[in-house]
Every structure is written in C-alpha cells, then in structure tokens.
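Working notes for the structure below.
The values are calculated or read from the model by the stated rules, or taken from the named source; none is laboratory data. The structure presented is a predicted model; accordingly, all values stated were derived computationally and were not measured. Note: ideal-geometry Cβ built from the backbone for every residue, glycine included; neighbour counts use all protein chains shown.
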C-alpha cells in the first residue's frame, strides 16, 4: 500500500525497516474482518511543523485507504486512532501535509478539522 501512496519512492523508502525501527514512528493498519489490509496511517513525533506552536507534534507522514474502501469511515478511524494516541501522550497538536494536486487528501483533511496553514513548492539543484 505504501507504493500506491508514494508512486515513485526511493528504494530505501519502499524498504522502510529503518523507519519502522525508530521509536518516534507509529503505524496504524486498517484491515477487513478477514485480515486483509485496506489502509494505513504512519506518523512520527517532531519538534516543529508549519502552523504549530508546541514542540511535540504528531506528524502524519502517510495516510492511505484502498479506493474501494474510501468514503466508508476507514480513513477517519485511522486518523481518530492517531489523534487518540497523541492526546494520550499529552500532545496538543497534530500536523500533516499533502501534495498540491492531491485534492482527495485536501478534502479529507479539511473534513476532519485540519486547517491549511501553508502552500509550498519544493526546489532542488543537482551539483
């Protein structure tokens, strides 16, 4: 499912054992009654994020639901689990991002109470 969300990830990102080994990294998995994975939410703690005031924030790194299970509450349940985790840790903020063209993600974030705080274009230069 990670490769469906990030269509062109680097090999290390596809093979994310290093990421899953970090103590600041948390994953929630949604499954059907028969155990088939249908969605996930990955997050990690960070000490700064655009629009946030605190220095302990749960940052949503990835949030995906298989298309045939979208609009059925799966994504909402995943986000609610992440929010409950953050509240249980005593944190007051949760942050996320989405690519500019990902309108589905923009609508989902807004539906769940997120506020847009910034838009950016990323640059790089090979040397």
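If you check 73, 62, which single one turns out to be in contact (Cβ under 8 Å) with a residue 60 or more places away in the chain and surrounded by 11 or more Cβ atoms within 10 Å (Cβ to Cβ)?
Details: 73 fails: in contact (Cβ under 8 Å) with a residue 60 or more places away in the chain.
Residue meeting the stated conditions: 62.
Candidates 83, 101, 68: the one that is modelled with pLDDT of 95 or more, exposed (fewer than 11 other Cβ atoms within 10 Å of the Cβ) and on the phi < 0 side of the Ramachandran plot is 68.
Residues of region 106-127 that are surrounded by fewer than 15 Cβ atoms within 10 Å (Cβ to Cβ), outside any loop (DSSP other than H, G, I, E, B) and touching a helix residue (DSSP H, G or I) at 6+ places or on another chain (Cβ under 9 Å): 111 alone.
Taking region 32-46, which residues are in contact with a strand residue (DSSP E or B) (Cβ under 7 Å, 6 or more places away or on another chain) and part of a loop (DSSP other than H, G, I, E, B)? It would help to see each step written out before you state the result.
Here is the first cut: in region 32-46, the ones in contact with a strand residue (DSSP E or B) (Cβ under 7 Å, 6 or more places away or on another chain) are 32, 37-46.
The one that is in contact with a strand residue (DSSP E or B) (Cβ under 7 Å, 6 or more places away or on another chain) and part of a loop (DSSP other than H, G, I, E, B): 32.
In region 75-105, of all residues being in a helix (DSSP H, G or I) and in contact with a helix residue (DSSP H, G or I) (Cβ under 9 Å, 6 or more places away or on another chain), the one that is nearest to residue 39 (Cα to Cα) corresponds to 75.
Is it true that some residue in region 1-11 is at pLDDT below 95, in a strand (DSSP E or B) and closer than 28 Å to residue 121 by Cα? Give the derivation first.
Kept after step one, since they are at pLDDT below 95, are these residues of region 1-11: 1-11.
From what's left, in a strand (DSSP E or B): none.
Looking for residues that are at pLDDT below 95, in a strand (DSSP E or B) and closer than 28 Å to residue 121 by Cα, one finds none in region 1-11, hence no.
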